[in-house]
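Reviewing the structure listed below.
The values are calculated or read from the model by the stated rules, or taken from the named source; none is laboratory data. Source: prediction; values computed, not measured. Here the Cβ positions follow ideal geometry from the backbone for every residue, glycine too, while neighbour counts run over all protein chains shown. Ligands, DNA and RNA are excluded from the accessible area calculation, which covers all protein heavy atoms including side chains. Shrake-Rupley method; radii C 1.70, N 1.55, O 1.52, S 1.80 Å.
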Amino acid sequence: MVSNPEKEIRFTRSAQALRFALAGAIFVGLTATLYATARWGTGSPVRYWHMIPGILLAAGSFWLAYRCAKHAFLILSPVGVEFFPFFKPATNFRLWSWSEFHHAEVVGKRLYLHFNEEETGGAVLSLAPMSEESIRLLDVAIEGRMEERFQDGD
């Protein structure tokens, strides 16, 4: 448990959540169309059981949207940068402490963690699951932390 949770910044998969919610809405619309066809379509080969896949796909999409919006994707904390992958985030998460890398930068939809000044080693994280606004906020937070770090002589 983090001793100062107010000092951490959490970023979620907000762009992915939006896409899954949109897919869920589309599946609901398709299911409603199948229902209307089965209910009022005369001579239609569509039956009520044809709606089951649409209902399951809609429920799965909305569940994924909720999961992406609720759970962290990237956390900036006093300890460092924590990355949580989509599958098995509790066991496959990765933590880079601030002392592990020389500097970090956000370029486009990628976060670069450079382990040395020459930028010959490091890690690259795709920020595609995040919204544009979240990426801008992450960029500001990373720049602020790097400025603070270099002023302290870290």
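One table, with the values for the structure above:
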quantity	calculated
Scan of the range 50-94 for residues that are surrounded by 18 or more Cβ atoms within 10 Å (Cβ to Cβ), in contact (Cβ under 8 Å) with a residue 24 or more places away in the chain and in contact with a Ser or Thr (Cβ under 6 Å, 6 or more places away or on another chain), ordered by number	Gly54, Phe73
Residues located in the range 24-43, provided they are in contact with a Gly (Cβ under 9 Å, 6 or more places away or on another chain) and aliphatic (A, V, I, L, M)	Val28, Leu30, Ala32, Leu34
All positions within the range 27-49 that are free of Cβ contacts under 8 Å to residues at least 12 places away in the same chain and open to solvent by 60 Å² or more (accessible area, probe 1.4 Å)	Thr33, Arg39, Trp40, Thr42, Gly43, Pro45, Arg47, Trp49
Residue in the range 98-110 that is farther than 17 Å from Ala141 by Cα, out of contact with any His (no Cβ under 6 Å at 6 or more places or on another chain) and in a helix (DSSP H, G or I) present	no
Residue match in the range 119-131 (condition: exposed (fewer than 12 other Cβ atoms within 10 Å of the Cβ), β-branched (Val, Ile, Thr) and not in a strand (DSSP E or B))	yes
Any hit, the range 7-19, residues being at negative phi, at pLDDT 95 or above and surrounded by fewer than 15 Cβ atoms within 10 Å (Cβ to Cβ)	yes
Residues satisfying the stated conditions in the range 95-118, i.e. loosely packed, with under 12 Cβ neighbours inside 10 Å, charged (D, E, K, R) and either in contact with a strand residue (DSSP E or B) (Cβ under 9 Å, 6 or more places away or on another chain) or within 16 Å of Ser77 (Cβ to Cβ) (or both)	Glu117
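Per-residue answers, yes or no, for (1) at pLDDT below 95; (2) part of a helix (DSSP H, G or I):
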residue	(1), (2)
Phe27	no, yes
Tyr35	yes, yes
Ser44	yes, no
Met51	yes, yes
Leu56	no, yes
Ser61	no, yes
Leu64	no, yes
Ile75	yes, no
Pro78	yes, no
